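Notes follow the structure.
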Amino acid sequence: MKKIRVALKDRSYNIHIGAGIMRQCGHIAARLAVGTDAYVITNRRIQAKYGRTLCASLKAAGISSTVRLIPDTEKSKSFATAAAVLNDLARFDRNRHVFIVALGGGVVGDLAGFIAAVYKRGIPYIQVPTTLLAQIDSSIGGKTAIDLPAGKNLVGAFHQPRAVITDVSALASLGKRQLCQGMAEAIKYGLIRDKRLFLYIEKNIAGLLAKDRRALSFVIARCSSIKADIVSRDEREEKSLRTILNFGHTIGHAIESASGYNRYGHGEAVALGMLVASDISRQMKMITAHDQERIIRLIKAAGLPVRLKGVPFRKIISMHYRDKKFKAGRNRFVLLDGIGRARVVENISLFIIRSTLAKSSGPAIC
Ligand SMILES: NC(=O)c1ccc[n+]([C@@H]2O[C@H](COP(=O)([O-])OP(=O)(O)OC[C@H]3O[C@@H](n4cnc5c(N)ncnc54)[C@H](O)[C@@H]3O)[C@@H](O)[C@H]2O)c1
Ligand SMILES: [Zn+2]
């Protein structure tokens, strides 16, 4: 078992990583004294696979539990679902000492974190992430959110979990496409912060996609410590350090919304966004053509798209201006300064973006 600390003074917590560690959830919750009654938020699919293990572990530690199922869709990150869950939670919370457990992927984690942030102005919660993306990204850092029709994640709060319990063996049941989407974020961590991680993924991509437990554990632990370090130093994204986690996301988000959130999954859109950002970095002589080729090759080997299809790039350009991270209408890109380093660059010319996108829609980028 590996323990990684997210150091945030009185809001510090540990990320516990290991195979079968879900069985220790009760013990960890009891030691933290977060409450005596767990309100577990999950969906039917995950409940069927892991609910019993989790609840048995809570029970063994003297913690009662109730399970609240939410529909297995991004649409659950809505006011309607949040209101229904909050009303149910308030009914459960009679003569009890309640805390929340988020058992699932990023959708469950974001909604459950949001509920924990707003119920009674904040109650404790524990993240038990079950997708690769949730394990290396969304469960860490305290960004909680629901969506609005006007855009994703527009309503939310910073509310740090009291612990993250990352059971690597939960990935055994994860579908290939979901695994690849998470791998896009893992590649991102290597590119922005850790050249050795990039090299490791490059070397072990076949094993990772075959769910080799040692390789996955290594990558999950490495990505988790990078995120923990960044969050510890820039919790609220005030120093632009946390912004580098957005590498590939400026264009990635634009691709997701320009395609109506159904053609590309988040990781796939981020993969395409990383290719665009890498191409811009190369045009600005921040990385070499050789580095760029390696990035393209790895993204392809990870089962991710390397060519944009079926989304007009003009639509992507107009969408990218709606990015909520832009300041005073100036675009902001995270670009690479070689493999393993990133920095934020503002006001990239439309000419460069357009020519890169035009290329990524054609054969040149792959
Ligand atoms: N808070 C943050 O910092 C942050 C960061 C990145 C992404 N996000 C959010 O995360 C969400 C996406 O998360 P996601 O990619 O985990 O998607 P998801 O939560 O929709 O999960 C993907 C699918 O995998 C299934 N699943 C989950 N675990 C499984 C398992 N172990 N075995 C089999 N199936 C399993 C889910 O039921 C779902 O159908 C988005 O809403 C995004 O906005 C948040
Ligand atoms: Zn992402």
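Carbon and sulfur atoms: what percent of the 1.4 Å accessible area of the chain do they account for? List each step's numbers first, then the result.
Details: 7910 of 15650 Å².
Within the chain, the accessible surface is 51 percent carbon and sulfur.
With helices as the sole contributors, the chain gives -14000 deg cm²/dmol at 222 nm; each DSSP H run of n ≥ 4 counts as -39500 (n - 2.57), and the sum is divided by every residue. 3J(HN,Hα) couplings calculated from phi for the range 330-344 with the Karplus curve 6.51 cos²θ - 1.76 cosθ + 1.60 (θ = phi - 60°) are, in sequence order, 8, 6, 9, 10, 8, 10, 8, 10, x, 6, x, 9, 9, 8, 8 Hz; Gly and Pro show x.
So, by mean Cβ neighbours within 10 angstrom, what's the order for 248-258, 233-243, 12-22, 274-284 with the highest one leading?
Details: 248-258: 25.5, 233-243: 14.8, 12-22: 19.0, 274-284: 23.8.
The peptides rank, most packed first, as 248-258, 274-284, 12-22, 233-243.
Using heavy atoms of the protein chains and a probe of 1.4 Å, the accessible area assigned to Arg91 is about 140 Å².
Extending 7 Å from Cα along the Cβ direction at Met284 and again at Arg314 yields two label points whose distance is 2.7 nm. Accessible-area rank, largest first, for Thr36, Thr131: Thr36, Thr131, with all protein chains present and a 1.4 angstrom probe. For the range 2-173, averaging the sequence separation of C-alpha pairs within contact (under 8 Å, six or more residues apart) and dividing by the residue count gives a relative contact order of 27 percent. Once the Cα atoms of helix 106-118 and of the chain are each reduced to a long axis, what angle between those two axes, in degrees from 0 to 90 to the nearest 10, is obtained? With both axes taken from Cα atoms, the answer is about 60 degrees.
Give the accessible surface of the chain per residue, rounded to a whole number of Å², with probe radius 1.4 Å and ligands, DNA and RNA excluded. Write out the running numbers ahead of the final one.
Numbers: 15650 Å² over 366 residues.
Value returned for the chain: 43 Å² of accessible area per residue.
Here the range 84-100 and the range 1-41 have alpha carbon centers that stand 20 Å from each other. With coordinates expressed along the principal axes, the C-alpha atoms belonging to the range 189-346 extend over 43, 37, 30 Å, beginning with the largest. The string of couplings for the range 136-146 from the Karplus curve (6.51, -1.76, 1.60, θ = phi - 60°) is 9, 9, 5, 6, 9, x, x, 7, 10, 6, 10 Hz, one whole number per residue in order, with x for Gly and Pro. Starting from the Cα of Ser355, move 7 Å in the Cα-to-Cβ direction to define the label point; list residues of the range 274-308 whose amide nitrogen is under 18 Å from there. Only 275-290, 292-293 pass the distance filter. The range 250-294 and the range 132-178 have Cα centres separated by 21 Å.
Considering only the range 2-173, what is the antiparallel percent among its DSSP beta bridges, to the nearest 5?
Numbers: 10 of 33 bridges.
Looking only at bridges with both residues in the range 2-173, the antiparallel portion is about 30 percent.
Between helix 289-301 and the chain there is an angle of about 40 degrees, using the helix long axis and the longest principal axis of the Cα atoms.
A dipole drawn for the chain from +1 and -1 charges on Cβ atoms has a positive end, and of Phe158, Ala117, Val231 the residue lying farthest that way is Val231. Length available on full extension from Arg94 to Arg322: 0.36 nm per residue minus the Cα-Cα distance, which gives 77.7 nm. A viscosity of 1.567 mPa s and a temperature of 4 °C, combined with the Kirkwood radius over Cα pairs in Stokes-Einstein, give a translational diffusion coefficient for the chain of 62 µm²/s.
The values are calculated or read from the model by the stated rules, or taken from the named source; none is laboratory data. Fair warning: this is a prediction, and the values are worked out from it, not measured in the lab. Heads up, the Cβs are rebuilt from the backbone with ideal geometry, glycines too, and the neighbour counts pull from every protein chain shown. Ligands, DNA and RNA are excluded from the accessible area calculation, which covers all protein heavy atoms including side chains. Shrake-Rupley method; radii C 1.70, N 1.55, O 1.52, S 1.80 Å.
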